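Okay, structure first, notes after.
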Amino acid sequence: MITWVGTGQQNANVRIQLFRGTTKVLDIALTAPNSGAYSWPVPASLPAGTNYKVKIKTVDGLVTAASPVFALN
């Protein structure tokens with residue numbers, strides 16, 4: 001489960017992306033409700049690594065936040 005504290009319009013949509021270092025790996029969701037939570041099962045096909053992070057931004061790109069770096073084992 002990906003969680004965040006929504007800011008701005010709670011009925012707005014956000015884009016959720018997975019990065020490894022500075023490279024975007026995939027779009028987890030192109031438009032998800034800014035509800036503060038999104039269920040996402042991590043695909044088994046993602047390679048193990050220690051420098052992943054999730055970025056969440058409003059669809060208009062005005063507000064962006066990123067998670068701390070985490071590992072996939």
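Just so you know, all these numbers are worked out from the coordinates, no wet-lab data involved. Quick caveat: nothing in here was measured; it's all calculated off a predicted structure. Neighbour counts run over all protein chains shown; Cβ positions are idealised from the backbone, glycine included.
One table, with the values for the structure above:
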read-out	value
Spacing of the two label points (7 Å from each Cα toward its C-beta) at residue 45 and residue 65, in nm	3.0 nm
Label-point separation in nm, residue 25 to residue 12, each point 7 Å along Cα→Cβ	2.7 nm
Dipole-positive endmost among 50, 18, 63 within the chain (Cβ charges, Cα centre)	50
Cα extents of the chain along the three principal axes, largest first (Å)	35, 22, 18
Under the Karplus curve 6.51 cos²θ - 1.76 cosθ + 1.60, θ = phi - 60°, whole-Hz ³J(HN,Hα) for the range 56-73, x wherever Gly or Pro sits	10, 9, 5, 4, 7, x, 7, 10, 10, 9, 9, 6, x, 5, 9, 10, 10, 10
For the chain: relative contact order, % (alpha-carbon pairs under 8 angstrom, 6 or more apart)	32 percent
